[in-house]
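Contents: one structure, followed by commentary.
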Amino acid sequence: MAMNIVDMLPILKCPRTGADLLFEDGRLISKTGEEYPIVNGVPILVRHVQDFHITPPPSQHISKNTANYAPPRHISGSAICLHLGSGAVPSADKRVISMDILPTETVDIVAEAECLPFKDNSLDYIESGAVFEHVVNPLQSIKEVRRTLKSGGEMFIDTAFLQGYHGFPSHYFNMTPQAVEAHLCDDFILEESYVPPAATVTHALTTQFDRFLELIPLADQAVLKAMPLSEALDFMRAATAGQHGLNSKISEYGHRSLAASFAIRATKPHGTKHDSEQDRIDRLAYYAARFGAIQRHHEIELYRRFAAEKHDKDVLEWMDAPSLRDILLACKVTNPREEGAYRRATLLLREWDGNLSQIRNDAIAVYLKPKLLEEEQTPPEPEAATVHVAASSRKWFNILSK
């Protein structure tokens, strides 16, 4: 952390009303009466405080793509610099405000890119790397960058194009180079646009292929790796055409994370839509939890496969999880216009996340065992704890107690 509340106070504003902020008796309040939490000395300046804004995330979910952050050398010594989406990257530079949507140990402020809690024309330099694909509304976020930069101020943005699904808590938008220039640059003076050295076409291709190999069984990996490139490409083209079953071995999460496109089919509900800000927040939370369940189900299948390959047998049939289809059906929002429908479905998805996490952890424990004994191949008698998938479903599963 480089800046504290007192250092930042002259340029801060209330994200809800735009009013000036005051720091009195350990409380951060606005002149219009809004109050914001302070967690471990870090102000939480978001419009609607959620649990993930005030709860430090697991370390494996936090981005840290460099050891330390400092502004470029040409930025003046008196500049005020915003590292937008800093993740877990620390900065010792007193000019830098480290900002993220998550309360990591290295941030100076927790805030939203779509509603920066800084006054108009208050910042000299804004840098954002691998962030704009994760914000809910990148076009609103760039408006905030424009609003808060001083005349003559500079921004630097590096965002995803040909990258698969990644990141926490969400990943929303990948942009083509044309979109970055036309929409993010907008009416700024474009000084330079380029592909970063660490994001070249070879990196894009090898990263995608490495992730693809992780999604398929070890035997299929070995077959592909042993083929000349032209044969491997023909093999994958044949899979796309449905000529063999390679794609059927990939989880739903695997397909989503690397898909060439994605489609939806939806029905317009009956009734009048009254879409409040809280409704929008509830929807975002629901779809984030839904994707989390999809990912957790993938992790179960992945570690079951790892364990089976390691121990040379399918040792985890007795740790089977309910089908992903049944889980998502049980948590489906059938009437979006009903008060609290998304909140109730989100709570159910989070319960499933806990149950699936336990099965995944059991699978990991078996995978990590150096040797599986014969008697461990037979499933133990389950404890009383069971979870029902849905009232209309016949599928149950047991959470095995350790």
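In the set (1) outside any helix (DSSP H, G or I); (2) modelled with pLDDT under 60, E376 fails one condition alone, (1). A search for C-beta distances below 6 Å between a residue of region 283-297 that is touching a residue at least 40 places away in the same chain (Cβ under 8 Å) and any residue that is surrounded by 19 or more Cβ atoms within 10 Å (Cβ to Cβ) and polar (S, T, N, Q), counting only pairs 6+ apart in sequence or on different chains, returns A285/T346; Y286/T346; A289/T346.
The set of residues in region 150-204 being aromatic (F, W, Y) and on the phi > 0 side of the Ramachandran plot is empty.
Restricted to region 40-60, and to residues there that are outside any loop (DSSP other than H, G, I, E, B) and surrounded by fewer than 15 Cβ atoms within 10 Å (Cβ to Cβ), the residue that is modelled with the highest pLDDT is D51. Considering every residue within region 246-254, establish whether at least one is at pLDDT 90 or above, loosely packed, with under 10 Cβ neighbours inside 10 Å and not in a helix (DSSP H, G or I). The answer is no, given that none of the residues of region 246-254 is at pLDDT 90 or above, loosely packed, with under 10 Cβ neighbours inside 10 Å and not in a helix (DSSP H, G or I). Of all the residues in region 199-220, those that are surrounded by fewer than 11 Cβ atoms within 10 Å (Cβ to Cβ) and either of a type in the set (V, I, T) or assigned by TED's automatic domain parsing to the domain that holds H134 (or both) number 2. Of all the residues in region 229-245, those that are part of a helix (DSSP H, G or I) and surrounded by 10 or more Cβ atoms within 10 Å (Cβ to Cβ) number 10. Against the list (1) in contact with a helix residue (DSSP H, G or I) (Cβ under 9 Å, 6 or more places away or on another chain); (2) over 22 Å from F132 (Cα atoms); (3) part of a helix (DSSP H, G or I), the condition T202 fails is (1). Going through (1) surrounded by 10 or more Cβ atoms within 10 Å (Cβ to Cβ); (2) at pLDDT 95 or above one by one, A226 falls short only on (1). With respect to L22, is the statement that it is surrounded by fewer than 18 Cβ atoms within 10 Å (Cβ to Cβ), part of a strand (DSSP E or B) and not small (G, A, S) true? Considered against the rule, which asks whether it is surrounded by fewer than 18 Cβ atoms within 10 Å (Cβ to Cβ), part of a strand (DSSP E or B) and not small (G, A, S), L22 comes out as yes. Pairing residues of region 150-172 that are not assigned by TED's automatic domain parsing to the domain that holds T207 with residues that are part of a strand (DSSP E or B), at Cβ distances under 6 Å and at least 6 apart in sequence or on separate chains, gives K150/D124; G153/D124; E154/Y125; M155/I126; F156/E127; I157/S128; D158/G129. For region 264-276, the criterion of being within 17 Å of A341 (Cβ to Cβ), touching a Phe, Trp or Tyr at 6+ places or on another chain (Cβ under 9 Å) and not hydrophobic (A, V, I, L, M, F, W, C) is met by none of the residues.
The values are calculated or read from the model by the stated rules, or taken from the named source; none is laboratory data. The structure displayed is predicted, hence computed values, not measured ones. Positions of Cβ are backbone-derived with ideal geometry, glycine not excepted, and every protein chain shown enters the neighbour counts.
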